[in-house]
1. What is the extension gain from Ala112 to Arg129, computed as 0.36 nm multiplied by their sequence separation minus the C-alpha to C-alpha distance, in nm to one decimal?
2. Calculate the spin-label point distance for Trp138 paired with Thr120, positioning each point 7 Å from the Cα along the beta-carbon direction, and give it in nanometres.
3. What's the center-to-center distance, using Cα atoms, between the stretch 105-151 and the stretch 11-39 in Å?
4. I'd like the Karplus ³J(HN,Hα) series for the stretch 129-142: coefficients 6.51, -1.76, 1.60, θ = phi - 60°, whole numbers in Hz, and an x wherever there's a Gly or Pro.
5. Amide H of Leu72 versus every other amide H placed in the peptide plane: which residues, excluding those fewer than 5 positions away on the same chain, fall under 5 Å?
Amino acid sequence: MTSLALLVLRATVGSLLAGHGGQKLFGWFGGRGFTATTGWMESMGLRPGHRWAGLAGLSEFGGGVLTALGFLSPVGPLMSMGAMLMATFKAHAGKPIWGTAGGAELPLTNIAVQTALVATGPGAISLDRLLGIRLPRWVSIVGLGAVVAGVWYGLRQSQPGTVALADDAAEAEFVAEVDHIAELDAGIGEDDLHAELAVEGPAIAAMRRELP
């Protein structure tokens, strides 16, 4: 049963991380693609952006695939852990822990899973077991040191970014618009619809009709 539990854990977390990396690298699953990811990295002060975009995407995509397959363990979990650590410190630092507030809830959850997989191994239902592959234990120690050193280097080399401020401003603007709409709903009637369209535009007026 332990090996089955590890398979479920690996397949779920690994495939989701691989998909997340595919969004960054290839624009899959509604992602923004490599060019947009490069710009995002630049806006966070990670320059050159194409290098960090490639590292982030490869860590998530490659690490996720290796984790899901249970191949060359612990390389896959360690690769993904690097991306999650960088995201925790660079994209989510200074925010409340919860994901709804832009915090590091999800990256930290992934790090916990990856740490557990590094400690336990991939289990019997894995490519490593099928092919008789068993990397020495020192790979985990050296790999973890390399992950920490790489994240430390990235944070030291990065410059102050603007993406967090931009995201916060956009969110605040959206919330203000919704609050304004809710206030108007308290006393609005159908006769005022044309006036609303002239003042606020079709998008805001249409949004009002969708609010509960």
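Bear in mind these aren't lab numbers, they're just calculated from the coordinates by the rules spelled out. Quantities reported herein were computed from a predicted structural model and do not represent experimental measurements. FYI the Cβ positions are ideal-geometry reconstructions off the backbone, even for glycines, and counts take in every protein chain you see.
1. Between Ala112 and Arg129, full extension yields an extra 3.8 nm.
2. 2.8
3. 21
4. 5, 5, 8, x, 9, 8, 6, x, 4, 5, 4, 5, 5, 5
5. Excluding prolines and chain starts, which carry no amide H, the hits are Asp128.
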